[in-house]
Amino acid sequence: DEAVNAARRDHGVEILFTREAGRGVLGHFKRNRLVAFLSDQDARGHGVFVPFFGRPASTPRGAAAYVLRLGVPLMFVSCLRLPRGRFEIEFLEVPIEPDWTFCDEHVAALTARYTALLEERIRRHPEQWFWMHRRWKTRPGEEKRNTDYADEKQD
């Protein structure tokens with residue numbers, strides 16, 4: 001984690017951890033900066049359950065919540081490793097229905113849309129999916145564990 005974050009910082013990426021994200025994200029948007037959400041890890045009892053490879057996965061709701069609350073566009077970005085040290089980066093705008101508002105139902109629907117894009121990319125290039133996390137650790141119906149979530153550093 002430290003090595004990955006150090007590499008991100010070396011390339012000019014400012015890292016906001018979950019506990020400091022609220023003010024930081026709003027500040028970035030106010031300054032017209034890009035904000036990337038890493039929404040591919042188990043969000044424990046704080047997430048929204050959406051399908052991922054046929055199983056409900058607790059997924060962070062932050063990206064969808066900010067997008068619907070602030071009316072900013074949502075891009076799904078993926079990176080494909082190519083031969084000879086090259087990369088192909090794909091940007092896709094995630095469609096948002098015109099009548100969607102900032103509510104639990106629409107946050108879940110939007111989260112499911114970009115999670116489906118992630119699943120599609122993994123299915124297309126499974127050899128490039130490197131996974132070290134227990135994505136389905138939290139099961140639907142489990143109680144929230146506030147102490148587990150708030151005390152850990154999360155990107």
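The values are calculated or read from the model by the stated rules, or taken from the named source; none is laboratory data. On a predicted model such as this, the values are computed, not experimentally measured, just so you know. Here the Cβ is made from the backbone with ideal geometry for all residues, glycine too, and neighbour counts use every protein chain on show. Please note that ligands, DNA and RNA were not included when accessible areas were found on the heavy atoms of the full protein model with its side chains. Shrake-Rupley method; radii C 1.70, N 1.55, O 1.52, S 1.80 Å.
With the structure loaded, tell me whether residue 75 is modelled with pLDDT of 95 or more, closer than 19 Å to residue 38 by Cβ and open to solvent by 80 Å² or more (accessible area, probe 1.4 Å) or whether it fails that test.
yes
Could you tell me whether residue 141 is modelled with pLDDT under 95, at positive phi and out of contact with any Lys or Arg (no Cβ under 9 Å at 6 or more places or on another chain)?
yes
Would you please name the residue that is farthest from residue 123 (Cα to Cα), looking only at residues in the range 14-33 that are at pLDDT below 85 and open to solvent by 70 Å² or more (accessible area, probe 1.4 Å)?
My answer is 23.
Mind counting the residues in the range 93-113 that are of a type in the set (Val, Ile, Thr) and open to solvent by 30 Å² or more (accessible area, probe 1.4 Å)?
2
Looking only at the range 114-132, count how many residues are among the basic types (Lys, Arg) and open to solvent by 70 Å² or more (accessible area, probe 1.4 Å).
2
Out of the residues in the range 27-75 that are basic (Lys, Arg) and part of a helix (DSSP H, G or I), state the one that is nearest to residue 139 (Cα to Cα).
If we take residues in the range 27-75 being basic (Lys, Arg) and part of a helix (DSSP H, G or I), then 44 is nearest to residue 139 (Cα to Cα).
Taking residue 56, is it farther than 25 Å from residue 129 by Cβ, of a type outside the set (S, T, N, Q) and open to solvent by 50 Å² or more (accessible area, probe 1.4 Å)?
Spelling it out, it is not the case that residue 56 is farther than 25 Å from residue 129 by Cβ, of a type outside the set (S, T, N, Q) and open to solvent by 50 Å² or more (accessible area, probe 1.4 Å).
In the list 64, 36, which residue meets the criterion of being within 16 Å of residue 21 (Cα to Cα) and at pLDDT 95 or above?
Being within 16 Å of residue 21 (Cα to Cα) and at pLDDT 95 or above holds for just one of 64, 36, which is 64.
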